[in-house]
1. At R0 = 41 Å, how high is the FRET efficiency between Trp33 and Thr69 if r is their beta carbon distance? Nearest 0.05 is fine.
2. Accessible surface of Met8 in the full protein assembly, 1.4 angstrom probe, to the nearest 10 Å²?
3. Might you work out the accessible area of Lys96 for me, using a 1.4 Å probe with all protein chains in place, and round it to the nearest 10 Å²?
4. Give the distance, in whole Å, between the Cα centre of segment 88-131 and the Cα centre of segment 165-225.
5. Could you tell me which residue out of Ile92, Pro118, Ile164 lies farthest along the dipole of segment 85-177 toward its positive end? Charges go on the beta carbon: Lys and Arg +1, Asp and Glu -1, centred on the Cα centre.
6. For the chain, just the Cα atoms, rotate onto the principal axes and tell me the three extents in Å, largest first.
7. Compute, for the chain, the length of the dipole vector about the Cα centre, with Cβ point charges of +1 (Lys, Arg) and -1 (Asp, Glu) only. Units Debye, rounded to 20.
8. State, to one decimal in nm², a quarter of the convex hull surface area for the C-alpha atoms of segment 100-143, i.e. the direction-averaged projected area.
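The values are calculated or read from the model by the stated rules, or taken from the named source; none is laboratory data. In this text the structure is predicted, and so the values were computed from the model without any measurement. Quick reminder, even Gly has a Cβ in these numbers, built from the backbone with ideal geometry, and neighbours come from all protein chains shown. For accessibility, only protein heavy atoms count, side chains too; no ligands or nucleic acids. Shrake-Rupley method; radii C 1.70, N 1.55, O 1.52, S 1.80 Å.
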Amino acid sequence: MERIYRQMTWREYHEATKHSVESLKRARQVLDWANMPDPFRHYEGVPVLDLPADPPAPEMPALDVLLGTLGTTPVGDGSTLLSQLLFYSAAISASKRVPSTGCRYALRVNPSSGNLHPTEFHFLTRGVKGWPDGLYHYDPSRHMAEQRGRGDFEMTLASGSAPIVFALTSIVWREAWKYDERAYRYCLHDIGHAWQALALSARAIGCDSLAAGHFPDDEVAELCRLNMDEWPMLIVSLHGKSIPVREAALVQITSFPIGYSVIWGS
(Lines give C-alpha, C1' and ligand atoms only; values in the text may rest on other atoms or scores of the structure.)
Protein backbone atom coordinates (compact mmCIF):
# COMPACT_ATOMS: atom_id res chain seq x y z
CA MET A 1 0.00 0.00 0.00
CA GLU A 2 2.73 2.49 0.88
CA ARG A 3 4.55 1.88 -2.41
CA ILE A 4 1.37 2.45 -4.44
CA TYR A 5 0.48 5.57 -2.48
CA ARG A 6 3.88 7.18 -3.16
CA GLN A 7 4.29 6.33 -6.83
CA MET A 8 0.79 6.38 -8.35
CA THR A 9 -1.72 9.09 -9.08
CA TRP A 10 -5.28 8.48 -7.91
CA ARG A 11 -6.37 7.60 -11.44
CA GLU A 12 -3.49 5.15 -11.82
CA TYR A 13 -4.34 3.57 -8.48
CA HIS A 14 -7.97 3.23 -9.54
CA GLU A 15 -7.03 1.57 -12.82
CA ALA A 16 -4.44 -0.71 -11.20
CA THR A 17 -6.74 -1.98 -8.45
CA LYS A 18 -10.15 -2.26 -10.11
CA HIS A 19 -11.62 -5.70 -10.66
CA SER A 20 -11.29 -7.29 -14.07
CA VAL A 21 -11.47 -10.78 -15.54
CA GLU A 22 -7.68 -10.95 -15.37
CA SER A 23 -7.47 -9.76 -11.75
CA LEU A 24 -10.07 -12.27 -10.62
CA LYS A 25 -8.09 -15.08 -12.26
CA ARG A 26 -4.94 -14.22 -10.35
CA ALA A 27 -4.09 -16.24 -7.26
CA ARG A 28 -6.00 -15.02 -4.24
CA GLN A 29 -4.20 -13.71 -1.21
CA VAL A 30 -3.84 -16.24 1.62
CA LEU A 31 -4.94 -14.82 4.96
CA ASP A 32 -2.33 -14.97 7.71
CA TRP A 33 -4.60 -15.60 10.69
CA ALA A 34 -1.70 -15.45 13.14
CA ASN A 35 -1.04 -11.88 11.98
CA MET A 36 -4.64 -10.64 11.92
CA PRO A 37 -4.86 -6.95 12.94
CA ASP A 38 -6.42 -6.04 16.28
CA PRO A 39 -9.84 -4.52 15.47
CA PHE A 40 -9.58 -2.20 18.50
CA ARG A 41 -7.03 0.51 19.20
CA HIS A 42 -6.14 1.29 22.82
CA TYR A 43 -3.93 3.96 24.35
CA GLU A 44 -2.13 2.74 27.43
CA GLY A 45 -1.67 4.95 30.47
CA VAL A 46 -4.22 7.63 29.59
CA PRO A 47 -7.25 8.67 31.68
CA VAL A 48 -10.44 6.87 30.69
CA LEU A 49 -13.79 8.66 31.06
CA ASP A 50 -16.96 6.67 31.49
CA LEU A 51 -19.80 7.12 29.04
CA PRO A 52 -23.14 6.33 30.71
CA ALA A 53 -24.36 2.85 29.87
CA ASP A 54 -27.69 2.31 28.10
CA PRO A 55 -28.12 5.89 26.83
CA PRO A 56 -31.65 6.91 25.85
CA ALA A 57 -32.71 5.87 22.38
CA PRO A 58 -33.49 8.67 19.92
CA GLU A 59 -37.21 9.39 19.85
CA MET A 60 -37.23 10.18 16.12
CA PRO A 61 -38.32 7.29 13.81
CA ALA A 62 -35.48 6.10 11.59
CA LEU A 63 -37.34 6.84 8.35
CA ASP A 64 -37.92 10.44 9.40
CA VAL A 65 -34.21 10.83 10.15
CA LEU A 66 -33.33 9.44 6.72
CA LEU A 67 -35.72 11.94 5.17
CA GLY A 68 -33.86 14.80 6.86
CA THR A 69 -36.00 15.56 9.90
CA LEU A 70 -34.06 16.87 12.89
CA GLY A 71 -34.85 15.06 16.12
CA THR A 72 -35.04 16.39 19.67
CA THR A 73 -33.56 14.36 22.49
CA PRO A 74 -32.52 16.88 25.16
CA VAL A 75 -29.89 15.78 27.68
CA GLY A 76 -28.42 17.69 30.57
CA ASP A 77 -24.71 16.95 30.31
CA GLY A 78 -21.99 16.19 27.82
CA SER A 79 -21.25 12.64 28.94
CA THR A 80 -24.83 11.54 28.28
CA LEU A 81 -24.90 13.25 24.89
CA LEU A 82 -21.56 11.74 23.83
CA SER A 83 -22.64 8.33 25.08
CA GLN A 84 -25.86 8.53 23.08
CA LEU A 85 -24.11 9.83 19.98
CA LEU A 86 -21.36 7.19 19.96
CA PHE A 87 -23.54 4.30 21.11
CA TYR A 88 -25.77 4.73 18.06
CA SER A 89 -23.00 5.39 15.54
CA ALA A 90 -19.85 3.46 16.50
CA ALA A 91 -20.51 1.03 19.36
CA ILE A 92 -20.58 -2.76 19.38
CA SER A 93 -24.05 -3.92 18.39
CA ALA A 94 -23.76 -7.71 18.78
CA SER A 95 -21.31 -10.60 18.81
CA LYS A 96 -21.10 -13.82 16.82
CA ARG A 97 -19.46 -17.16 17.52
CA VAL A 98 -17.56 -19.30 15.02
CA PRO A 99 -19.07 -22.81 15.45
CA SER A 100 -15.89 -24.65 14.47
CA THR A 101 -13.61 -22.86 16.95
CA GLY A 102 -15.91 -21.25 19.51
CA CYS A 103 -14.18 -17.90 18.97
CA ARG A 104 -16.33 -14.80 19.28
CA TYR A 105 -16.08 -11.60 17.29
CA ALA A 106 -17.89 -8.29 17.57
CA LEU A 107 -20.22 -6.53 15.17
CA ARG A 108 -20.61 -2.76 15.24
CA VAL A 109 -23.36 -0.27 14.52
CA ASN A 110 -21.62 1.07 11.41
CA PRO A 111 -20.99 -1.65 8.80
CA SER A 112 -17.51 -2.43 7.51
CA SER A 113 -15.93 -4.36 4.65
CA GLY A 114 -15.11 -7.83 5.97
CA ASN A 115 -16.02 -6.58 9.48
CA LEU A 116 -12.42 -5.29 9.73
CA HIS A 117 -13.31 -1.73 10.84
CA PRO A 118 -10.35 0.42 9.80
CA THR A 119 -12.11 3.59 11.00
CA GLU A 120 -11.27 5.17 14.36
CA PHE A 121 -13.28 7.94 16.05
CA HIS A 122 -11.24 10.77 17.61
CA PHE A 123 -12.98 13.90 18.85
CA LEU A 124 -12.32 17.33 20.37
CA THR A 125 -14.65 19.03 22.83
CA ARG A 126 -14.78 22.70 23.86
CA GLY A 127 -17.22 24.14 26.36
CA VAL A 128 -19.42 21.05 26.66
CA LYS A 129 -21.27 21.02 29.98
CA GLY A 130 -19.95 18.48 32.48
CA TRP A 131 -17.19 17.28 30.18
CA PRO A 132 -13.50 18.37 30.23
CA ASP A 133 -12.21 20.21 27.17
CA GLY A 134 -9.70 18.10 25.32
CA LEU A 135 -8.83 15.45 22.78
CA TYR A 136 -10.41 11.99 23.03
CA HIS A 137 -10.44 8.61 21.34
CA TYR A 138 -13.55 6.45 21.46
CA ASP A 139 -12.98 2.86 22.55
CA PRO A 140 -15.98 0.82 21.37
CA SER A 141 -14.76 -2.33 23.10
CA ARG A 142 -15.52 -0.66 26.46
CA HIS A 143 -17.84 2.17 25.38
CA MET A 144 -15.47 4.65 27.00
CA ALA A 145 -13.55 7.74 25.98
CA GLU A 146 -9.76 7.73 26.26
CA GLN A 147 -8.50 11.20 27.11
CA ARG A 148 -5.40 11.84 25.00
CA GLY A 149 -5.06 15.53 25.82
CA ARG A 150 -6.75 18.02 28.11
CA GLY A 151 -7.29 21.71 27.49
CA ASP A 152 -8.18 23.95 24.60
CA PHE A 153 -7.53 22.20 21.30
CA GLU A 154 -8.61 23.88 18.09
CA MET A 155 -9.51 22.04 14.93
CA THR A 156 -10.48 24.85 12.64
CA LEU A 157 -12.96 24.66 9.77
CA ALA A 158 -14.33 28.18 9.37
CA SER A 159 -17.86 26.82 9.74
CA GLY A 160 -19.01 28.67 12.85
CA SER A 161 -19.31 27.39 16.40
CA ALA A 162 -18.74 23.70 16.97
CA PRO A 163 -18.31 22.41 20.53
CA ILE A 164 -17.70 18.86 19.25
CA VAL A 165 -15.46 18.03 16.30
CA PHE A 166 -14.74 14.48 15.15
CA ALA A 167 -11.68 13.34 13.22
CA LEU A 168 -12.40 10.04 11.49
CA THR A 169 -9.25 8.14 10.61
CA SER A 170 -8.28 4.91 8.86
CA ILE A 171 -5.82 2.22 9.93
CA VAL A 172 -5.12 0.88 6.45
CA TRP A 173 -3.37 -2.31 7.59
CA ARG A 174 -6.66 -3.67 8.93
CA GLU A 175 -7.96 -3.74 5.35
CA ALA A 176 -4.65 -4.55 3.61
CA TRP A 177 -4.41 -7.75 5.67
CA LYS A 178 -7.32 -9.10 3.63
CA TYR A 179 -7.69 -6.87 0.56
CA ASP A 180 -4.01 -6.20 -0.23
CA GLU A 181 -3.55 -3.41 -2.79
CA ARG A 182 -7.30 -2.67 -2.90
CA ALA A 183 -7.30 -1.80 0.82
CA TYR A 184 -7.55 1.97 0.39
CA ARG A 185 -10.73 1.52 -1.65
CA TYR A 186 -12.31 -0.26 1.30
CA CYS A 187 -11.08 2.40 3.73
CA LEU A 188 -12.89 5.04 1.67
CA HIS A 189 -15.96 2.82 1.54
CA ASP A 190 -15.94 2.35 5.31
CA ILE A 191 -15.36 6.05 6.03
CA GLY A 192 -18.62 6.71 4.21
CA HIS A 193 -20.45 4.23 6.43
CA ALA A 194 -18.91 5.65 9.62
CA TRP A 195 -19.57 9.26 8.59
CA GLN A 196 -23.22 8.67 7.77
CA ALA A 197 -23.76 6.63 10.94
CA LEU A 198 -22.37 9.58 12.90
CA ALA A 199 -24.35 12.17 10.93
CA LEU A 200 -27.62 10.25 11.26
CA SER A 201 -27.07 9.62 14.97
CA ALA A 202 -26.41 13.33 15.44
CA ARG A 203 -29.49 14.31 13.44
CA ALA A 204 -31.68 11.93 15.44
CA ILE A 205 -30.74 13.64 18.70
CA GLY A 206 -31.02 17.16 17.30
CA CYS A 207 -27.49 18.04 16.12
CA ASP A 208 -26.47 19.45 12.77
CA SER A 209 -23.25 18.18 11.23
CA LEU A 210 -20.79 19.44 8.66
CA ALA A 211 -18.12 17.24 7.04
CA ALA A 212 -14.89 18.36 5.38
CA GLY A 213 -12.58 16.12 3.41
CA HIS A 214 -9.88 18.52 2.19
CA PHE A 215 -7.55 19.71 4.92
CA PRO A 216 -3.81 19.63 5.77
CA ASP A 217 -3.40 15.96 6.68
CA ASP A 218 -0.11 16.37 8.52
CA GLU A 219 -1.51 19.10 10.78
CA VAL A 220 -4.56 17.04 11.70
CA ALA A 221 -2.41 13.95 12.31
CA GLU A 222 -0.14 15.96 14.59
CA LEU A 223 -3.03 17.57 16.44
CA CYS A 224 -4.69 14.20 17.03
CA ARG A 225 -1.34 12.57 17.87
CA LEU A 226 -1.95 9.75 15.43
CA ASN A 227 0.32 6.75 15.05
CA MET A 228 2.20 6.40 11.77
CA ASP A 229 -0.18 3.67 10.58
CA GLU A 230 -3.27 5.87 10.93
CA TRP A 231 -4.42 8.45 8.39
CA PRO A 232 -6.94 11.31 8.91
CA MET A 233 -9.78 10.95 6.43
CA LEU A 234 -12.69 13.19 7.40
CA ILE A 235 -13.48 16.02 9.81
CA VAL A 236 -17.06 16.22 11.11
CA SER A 237 -18.18 19.16 13.25
CA LEU A 238 -21.38 19.04 15.32
CA HIS A 239 -23.44 21.97 16.50
CA GLY A 240 -26.98 22.70 17.62
CA LYS A 241 -29.11 23.60 20.61
CA SER A 242 -29.29 19.97 21.76
CA ILE A 243 -25.60 20.06 22.76
CA PRO A 244 -25.39 21.17 26.41
CA VAL A 245 -22.71 23.85 26.73
CA ARG A 246 -21.33 25.69 29.73
CA GLU A 247 -22.89 29.12 30.12
CA ALA A 248 -19.57 30.91 30.50
CA ALA A 249 -17.82 29.00 27.72
CA LEU A 250 -16.82 30.81 24.57
CA VAL A 251 -17.05 28.04 22.01
CA GLN A 252 -15.61 29.00 18.66
CA ILE A 253 -13.84 27.36 15.78
CA THR A 254 -11.62 29.29 13.39
CA SER A 255 -10.26 28.47 9.96
CA PHE A 256 -7.44 26.24 8.83
CA PRO A 257 -4.56 28.16 7.25
CA ILE A 258 -5.14 25.97 4.18
CA GLY A 259 -8.48 25.76 2.39
CA TYR A 260 -10.99 22.99 3.01
CA SER A 261 -13.80 21.41 1.03
CA VAL A 262 -17.20 20.97 2.59
CA ILE A 263 -18.68 17.61 1.69
CA TRP A 264 -22.03 17.56 3.39
CA GLY A 265 -24.11 19.57 5.79
CA SER A 266 -27.12 18.22 7.62
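1. Step by step, r from the Cβ atoms, then E = 0.35.
2. Solvent-accessible area, nearest 10 Å²: 70 Å².
3. Here the residue's solvent-accessible area equals roughly 100 Å².
4. Taking the Cα centre of segment 165-225 as reference, the centre of segment 88-131 is 13 Å away.
5. Towards the positive end, the residue furthest out is Ile92.
6. In descending order, the Cα extents are 62, 48, 43 Å.
7. So the dipole magnitude of the chain works out to roughly 740 debye.
8. 4.6 nm²
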